[in-house]
Amino acid sequence: EFVAKVHDFSVAATYLAHVSPDRLGEALTHSQVLSLPTHPDGTRCRPYHYERLEFLGDAVLKLLAVVQAAALAPAASEDTISKNSQQLQTNSWLRKCAKYLGLLTCLLARSFSARECMTLLRRQTVSHKVQADIMESVLGATFWCSADPNAPLQRGVEEAWQMFRSVVAEKMEEQQQLDTFPKALSAGAATYSAEAQQRHADIAEIVASVIGYQFKDPTLLAATVVRQGTATKNFERLEIVGDAFLQAAVSWHIATEFPDFDEGQLSELRAAYVCNRYLGIRFARRFGPLCDSLFRDSTFHSVVVDFANKICSESEQGDFIVGKKLNSDEPRLKFVADTYEALAAAVLVDSGNLDETWKVFQADFSLGRFVIERRMRDWRCSVRAREKEKMKESGPLHSQSTEHCKTACTEQQSQTALPMESCTTPAAETASTVDCSSPTTSMALMEQRDSPDASVGMHILSLLADGRSFSSSGSRSRSRSI
């Protein structure tokens, strides 16, 4: 019944025509569903729930939102672009989009049961965060199923762009001129005068010799290495677009390369790939001594050259690290990493093709499964080692308290009759019992709870909770109401 409903839903929606029922069912299955009656083909090696697709859809949504924000405000700064793009990525807005599509009525948030029909399984309470994640997972499923083997990124983004425009950004103005993703990408391109293009033609030749890409418009490349006056704004605009592109491209790359990784492992791996430390090191490795000519007009010339010389003199074994020291406070790493992202955006805008751009930078993000698993294993081992060291520094947690409890219990066993006899009331003197309903007794027991010999006090309080009374001889009788 669930698969049939999802199939009808995908056929009815034109913007989900390329999404297979199995992939859409994965996008609409909550992670707390531990078992399914059947597993679609090819899903036994990975969890069948929405988290992996939400991981991909989150990065794709960021790319689409940033490109649109840059296209609608060609003269805006990086802060304005970031603010406008964030409005389309908030949980409250995505939750409204999910309700508009009717995704929440198809969400499966509980395991199948033979005694419950699908109507009851779809009636459950989920958080607002989950409702927003479902929208991102469906966007990720659209990207995944539309990806062509020869051009996965370009084809997937173009189909996701249509859904993005139709649902997520439907109320935005000036949508007619942004009907395709390449148009939106070119609309936000930075431009320079013909004089600047002639002056930086030699820089394009230097970069082309290193990355293997010949720029059609050298002015785009000039914006990646010049940070003076108005050029700073163009650099920042390219940098934010390049950051979004690398997030989406790396997410797709590692999701397909590691189908058995869950969302947590994929997030750790992506964070290690796109952090300032790794991007800065890869830029220095690629260009090395050429940084002297590449940044000759930049105010950061000496800083970048010194950093590149330092990196090139060290071994590459420690370049890639998972889980620690990802974002250094060193300003050189931040600037060089931003230059890497701006260069990626310049290639993307100049070529207009995501797959062609990814081929230029893919080598920096393809370390191999053995290296990645070893780095992730080393990081987890280091985390466990730090936790053990903290436990050793704090000392034994239970030895002293255990000895104290044993001593207290031994002393109380020899003095148990005394507090019980002292608590007897004159009316109950013959039975030698403690009336649990007596306020005086209750106050005494509360004071005894705060004493060092709290174990016996807490035991008496548990008897009070049961509404029982006890005698000094050990016999129990049901007391009046407390």
Full-extension gain in nm, K83 to R285, via 0.36 nm per residue minus C-alpha separation: 69.4 nm
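At most 13 other Cβ atoms within 10 Å and a DSSP loop assignment: could you name the trypsin sites (Lys or Arg not before Pro) in the stretch 241-338 that fit? Walk me through the numbers before you get to the answer.
On the way: sites: R270, R277, R282, R285, R286, R296, K310, K324, K325, R332, K334; in loops: R296, K324, K325.
Sites meeting the loop and neighbour criteria: R296, K324, K325.
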Listed residue (T232, T256, L246) projecting farthest to the positive dipole end of the stretch 212-291, Cβ model: T232
With all protein chains modelled, accessible area of S186 [1.4 Å, Å²]: 70 Å²
Inter-label distance, nm, simple model (7 Å from Cα along the C-beta direction), S394/S209: 5.9 nm
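What is the stretch 287-385 by shape, rounded, prolate or oblate, if you read a ≥ b ≥ c off the alpha carbon gyration tensor as root eigenvalues and call it rounded for a/c under 1.5, prolate for a/b larger than b/c, and oblate otherwise?
Details: a/c = 2.23, a/b = 1.33, b/c = 1.68.
Oblate shape, in that a/c is at least 1.5 and b/c is the bigger or equal ratio.
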Set K129/K392; K96/K183; K99/K334; K310/K359; K62/K233; K83/K129 screened for pairs whose C-alpha atoms are more than 30 Å apart: K129/K392; K99/K334
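The values are calculated or read from the model by the stated rules, or taken from the named source; none is laboratory data. Computed from a prediction, not measured in an experiment: that's the story for all the values here. Cβ: placed from backbone, ideal geometry, glycine included. Neighbour counts: every protein chain shown. We work out accessible area using only protein heavy atoms, side chains counted, and drop any ligands, DNA or RNA first. Shrake-Rupley method; radii C 1.70, N 1.55, O 1.52, S 1.80 Å.
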